[in-house]
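Encoded as structure tokens, the structure appears first; notes follow it.
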Amino acid sequence: MRRIAIVGAGLAGFSAGRELRRLGFDGDLTVIGAEPHRPYRRPPLSKEHLLADDDLTLRGADEIGATWMLGRAATGLDLERRAVLVGEAAVAFDGLVIATGLRAKTLREGADLPGVHVLRGLDDARGLRRELGAGPRTVVVGGGFIGSETAATLRGLGLEVTLVTGTPVLRSVLGAEAGAIAEARHREHGVTIRTGRVTGVSGTGRVERVHLDDGRTVPADLVVAALGSEPETEWLRGTGLGGEGGVIVGPDGLAAPGIAAAGDVARWPHPLHSGRTLRIEHYANAAEQGAHAARALLGRTSRYAPLPNFWSHLYGRRLQALGFTGADCDSRLVAREPGHRFIAEYRLRGRLVGVAAAGFASALPEYRRRIAAELA
Ligand SMILES: Cc1cc2nc3c(=O)[nH]c(=O)nc-3n(C[C@H](O)[C@H](O)[C@H](O)COP(=O)(O)OP(=O)(O)OC[C@H]3O[C@@H](n4cnc5c(N)ncnc54)[C@H](O)[C@@H]3O)c2cc1C
């Protein structure tokens with residue numbers, strides 16, 4: 001294998017490139033990235049990066065000896081010629097890593113009005129930060145991790161924040177009890193929570209209000225739509241590789257001979273979750289699966305069965321989770337202390353499959369051992 005192309009200059013793509021070099025691949029490496037930036041850390045975008053313009057660049061990109069095609073999106077994949085199409089250009093490859101991540105969903109009506117933002121990339125965060133100085137009445141739409149974190153960060157800046165959510169805050173990702181604790185914490189910090197489905201936003205020349213499906217409106221100078229994301233697979237249309245649910249890879253990390261996928265865009269049968277195919281939208285997975293994709297391309301296959309692990313922040317408190325914590329699990333609080341400290345356990349058919357903890361970091365290593373043993 002002499003030429004490897006990586007599409008997506010995010011964490012998974014970078015991690016694949018770094019691992020390829022570490023394993024001794026000395027052929028041509030080309031990284032194609034739609035954003036104009038070198039790989040950077042995305043998690044701070046809904047947290048401290050809304051407060052200050054820190055440098056989020058991942059270290060080491062200059063050292064992987066790659067040709068970087070940045071600010072250029074792949075527009076197609078020609079499987080017969082084995083080439084990635086970038087507008088008129090074609091980048092031929094022997095091996096390919098698909099690492100194009102996700103695209104933020106937008107509001108159905110009014111998404112283009114000034115004052116309406118999504119939060120997926122560095123430029124989104126910069127655009128949002130530029131508007132915060134005027135002390136706008138802010139409406140965050142969506143009660144998942146990104147909506148919840150963004151509401152907390154903006155409230156920390158003293159802004160008037162309304163969080164509009166279709167389902168209770170964080171319930172879909174942490175279950176009812178842990179979600180209720182997060183919601184109480186938001187209220188305590190002065191965030192107004194409205195339950196309802198947003199149909200769109202409107203205004204004359206700029207956003208002025210958010211519309212709910214029951215006819216209510218919420219006044220807004222600034223709106224952050226945190227409605228979830230979908231896999232960035234449009235450029236793969238016609239190849240049979242990318243569907244709406246992401247790029248399916250086998251346990252070996254390959255979607256087709258010589259083609260691997262990694263990070264948020266990849267869907268694979270997770271052996272720890274009854275072999276159900278799933279995508280993991282977490283930072284640690286993007287790093288680990290990128291390296292796994294590199295090994296797969298070089299024929300060094302290994303079993304990929306990471307224990308999902310992620311963190312989130314809410315008003316200075318770090319929440320950490322391991323394993324599977326979604327709404328499909330039975331969740332139960334097993335510890336609760338003042339200051340919104342808690343441990344929640346998650347079970348599937350009676351088996352312990354996940355834990356979420358805020359303020360109980362020391363309990364996690366033991367949980368890691370127990371969950372890994374349970375799922376092995
Ligand atoms: C605001 C925010 C906060 C987060 N907070 C946390 C957190 O606290 N904890 C946690 O564990 N995870 C968090 N995450 C998730 C974590 O950042 C992601 O799981 C991780 O960045 C995924 O890496 P990736 O490389 O798969 O995708 P990405 O980082 O999305 O990189 C994909 C890259 O591919 C590019 N691309 C897309 N289409 C094309 C194309 N056609 N051609 C070329 N390039 C293309 C994109 O522009 C992007 O640069 C957060 C994510 C966001 C957005």
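The values are calculated or read from the model by the stated rules, or taken from the named source; none is laboratory data. As the structure is a prediction and not an experimental result, all values here were calculated from the model. Here the Cβ is made from the backbone with ideal geometry for all residues, glycine too, and neighbour counts use every protein chain on show. Only protein heavy atoms, including side chains, enter the accessible area calculation; ligands, DNA and RNA are left aside. Shrake-Rupley method; radii C 1.70, N 1.55, O 1.52, S 1.80 Å.
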Label-to-label distance, nm, for residues given as residue 167 and residue 347 (7 Å Cα→Cβ offset): 2.1
Accessible area per residue, Å², region 316-375 with all protein chains present, probe 1.4 Å: 49
The chain: relative contact order in percent, alpha carbon pairs under 8 Å with at least 6 residues between: 16
Within the chain: Cβ-based charge dipole about Cα centre, in debye rounded to nearest 20 (Lys, Arg +1; Asp, Glu -1): 840
Highest average packing first - 347-354, 145-152, Cβ atoms within 10 Å: 145-152, 347-354
For region 207-212, Karplus couplings with θ = phi - 60° (6.51, -1.76, 1.60), whole Hz, Gly/Pro x: 5, 10, 8, 10, 9, 9
Signed unit charges on C-beta, dipole axis of the chain, positive-most listed residue 92, 275, 207: 275
Computed E for residue 197/residue 134 - FRET, C-beta separation, R0 22 angstrom, nearest 0.05: 0.20
Global geometry of region 1-97, whether rounded, prolate or oblate, following the gyration tensor of its Cα atoms and the 1.5 cut on a/c: oblate
Of all DSSP beta bridges in the chain, antiparallel share, percent nearest 5: 60
Peptides 247-253, 300-306 ordered by average Cβ neighbours within 10 Å, highest first: 247-253, 300-306
Additional length obtainable on full extension of the chain from residue 57 to residue 301, 0.36 nm per residue less Cα span: 84.9 nm
Phi-based couplings in Hz for region 180-190 (Karplus 6.51, -1.76, 1.60; Gly and Pro marked x): 5, 5, 4, 5, 4, 5, 4, 4, 4, 8, x
Theoretical gain in end-to-end length, residue 334 to residue 216 [0.36 nm per residue, Cα-Cα removed]: 38.6 nm
The chain - percent of accessible surface contributed by carbon and sulfur, probe 1.4 Å: 47
Exposure ranking of 112, 328 by accessible area [1.4 Å probe, largest first]: 112, 328
Label point distance in nm, residue 2-residue 48, each placed 7 Å from Cα along Cα→Cβ: 4.6
Separation between Cα centres of region 191-232 and region 1-79, rounded to whole Å: 33
The chain - Rg (one decimal) and Dmax (whole number), Cα, Å: 21.2, 62
Computed over region 236-376, Cα set: Rg, Dmax in Å: 16.7, 54
Nearest-0.05 FRET efficiency for residue 106 and residue 318, computed from C-beta distance (R0 41 Å): 0.85
Principal semi-axes in Å for region 316-375 [√(5λ), Cα gyration tensor, largest first]: 19, 13, 9
By average C-beta atoms within 10 angstrom, highest first, the peptides 31-41, 230-240: 31-41, 230-240
Distant alpha-carbon pairs in region 106-225 (separation over 20 angstrom), percent: 37
Assigned charges on the beta-carbon of Lys, Arg, Asp, Glu; region 316-375 dipole about Cα centre (debye): 80
Accessible area in square angstrom per residue, region 100-237, 1.4 angstrom probe: 43
